Amino acid sequence: MADDNDVKPSRSAADKEKSRQQSRPISGKEAAKGVAGQPARAQKTAGKPTQAKGGQQKGASTKARPQKSATGTGAGRNGQNRRSATTSGKGGQRPARPKGAVASTRPPRRSPTALLTWGVVVLVLIVVIVLVVVKLTSSSPTASGPTGFVKSTPSVVSDVTNIPASVYNDVGITSSDVPVSPPTIVKGQPPLTINGQPGLFYFGAEYCPYCAAERWAMIASMSRFGTWTNLGDMVSSPTDVFPSTQTFTFAKAKFSSPYLAAQTVEFYSNQPTAAGGYTLLQPLTKAQRALVTTYDSTKYFPGTQSGSFPFIDIGNKALVAGASFSPSILQGLSRTQIASALNDPKDPVTQAIIATSNYLSAATCNTNGMKPASVCNSKGVTTAAKKLGFS
């Protein structure tokens with residue numbers, strides 16, 4: 001006889017139907033919506049309901065825990081949390097969008113780290129572009145011609161054009177480190193005049209290192225007879241001998257004096273061309289070419305090439321072809337260093353420049369009738385004149 005406790009109470013038809021509805025497998029469509037308005041639970045195995053303790057089916061009577069998904073509602077667990085690609089950034093599939101659901105129009109959120117990286121890249125590009133523009137639009141001391149002219153610093157020009165008379169007298173024609181060559185004296189030639197004045201003609205090129213050295217002495221010497229304006233900064237070619245020698249350019253310079261008239265020609269710039277050589281800067285006039293052809297030649301300078309740079313003609317009485325001293329002594333020095341030392345008669349660079357200047361001054365005095373007397377009768381100039389055979 002069975003124990004009364006073993007007798008199961010009978011269930012009504014409505015209870016049976018409710019139990020059957022709660023225990024049946026949940027379709028994918030229902031999983032998205034939930035059964036009877038409740039959040040769905042994922043099943044441990046396909047098509048098999050998961051039983052709760054005590055034999056009760058988890059569903060309507062048990063509170064379901066919503067799962068994270070792309071739309072913010074639970075879609076199922078399958079034994080582990082499945083995060084959407086837009087929230088985790090890791091593996092896993094995006095849950096299927098329920099039929100009829102409207103896709104979100106909000107763009108995916110960018111990572112703060114990615115935004116910061118792109119910001120840094122853009123900033124660096126802006127800085128590089130600014131630097132390139134500044135470089136291309138700024139004037140360079142190595143540039144030449146009208147578009148690249150850089151006017152010389154007034155303090156440097158003052159140092160070169162206002163050398164104390166005592167320095168000229170103390171140096172004389174002595175140079176301790178490099179030899180100084182005197183001009184070549186020419187006799188029996190018609191005097192060179194420019195605009196009715198005794199004339200000086202210079203023929204050079206901006207790229208030329210020998211011209212670079214000679215200009216220092218020329219500017220110093222001629223400033224004793226007149227005034228320079230619009231001198232420009234220049235360096236010789238960085239690919240020639242004695243590269244990048246610091247100097248000036250006469251491309252836009254003007255010289256005025258009651259004792260001497262001057263013409264200066266910078267025939268070539270210091271800018272190389274694609275075909276080789278340098279850009280033509282200031283062509284010669286017919287009269288100037290005649291001077292070069294006649295006097296800058298092997299007739300007066302045996303062993304040298306005709307048309308040498310630099311060439312200086314002082315009144316057709318004194319000629320210079322090539323530098324009077326080696327540009328090597330100027331290597332490694334800035335324009336300011338060279339100029340600021342010109343008040344020191346013991347400085348080797350100063351000695352080379354001043355000795356050359358005294359020679360050029362003596363030749364000028366011999367051309368213009370010994371004017372001004374304060375220059376032509378000074379100790380340094382008379383020492384040079386004696387060496388040249390003028391007295």
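The values are calculated or read from the model by the stated rules, or taken from the named source; none is laboratory data. Small disclaimer: the values here were computed from a predicted structure and weren't measured. Ideal geometry is used to build each Cβ from the backbone, glycine not excepted, and the neighbour counts take in all protein chains shown.
Tabulated results
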quantity: Candidate set from segment 246-263 (those that are polar (S, T, N, Q) and within 32 Å of the chain's Cα centre (by Cα)); member that is nearest to N368 (Cα to Cα); calculated: T249
quantity: Residue in segment 225-245 that is nearest to S374 (Cα to Cα), counting only those that are of a type outside the set (A, V, I, L, M, F, W, C) and out of contact with any Ser or Thr (no Cβ under 6 Å at 6 or more places or on another chain); calculated: T229
quantity: Among (1) hydrophobic (A, V, I, L, M, F, W, C); (2) farther than 30 Å from P191 by Cα; (3) at pLDDT 95 or above; (4) surrounded by fewer than 20 Cβ atoms within 10 Å (Cβ to Cβ), the one test that L280 misses; calculated: (2)
quantity: Counted residues, segment 236-259 - those being assigned to a loop (DSSP other than H, G, I, E, B) and either among the charged types (D, E, K, R) or more than 16 Å from G148 (Cα to Cα) (or both); calculated: 12
quantity: Close pairs from segment 331-354: first under 13 Å from V235 (Cα atoms), partner part of a loop (DSSP other than H, G, I, E, B) and among the aromatic types (F, W, Y), Cβ under 8 Å, at least 6 apart; calculated: Q331/F242
quantity: Check on V150, buried (at least 19 other Cβ atoms within 10 Å of the Cβ) and of a type outside the set (F, W, Y); calculated: no
quantity: Scope segment 265-301; condition assigned to a loop (DSSP other than H, G, I, E, B) and aliphatic (A, V, I, L, M); matching residues; calculated: A274, A275, L281, L284
quantity: Filtered residue count, segment 362-391, keeping only those that are under 21 Å from S326 (Cβ atoms) and among the hydroxyl-bearing types (S, T, Y); calculated: 0
quantity: Residues located in segment 157-181, provided they are surrounded by fewer than 18 Cβ atoms within 10 Å (Cβ to Cβ) and over 38 Å from the mean Cα position of the chain (by Cα); calculated: P164, A165, S166, N169, D170, T174, S176, P179, S181
quantity: Selection status of A339, small (G, A, S), assigned to a helix (DSSP H, G or I) and farther than 16 Å from G204 by Cα; calculated: yes
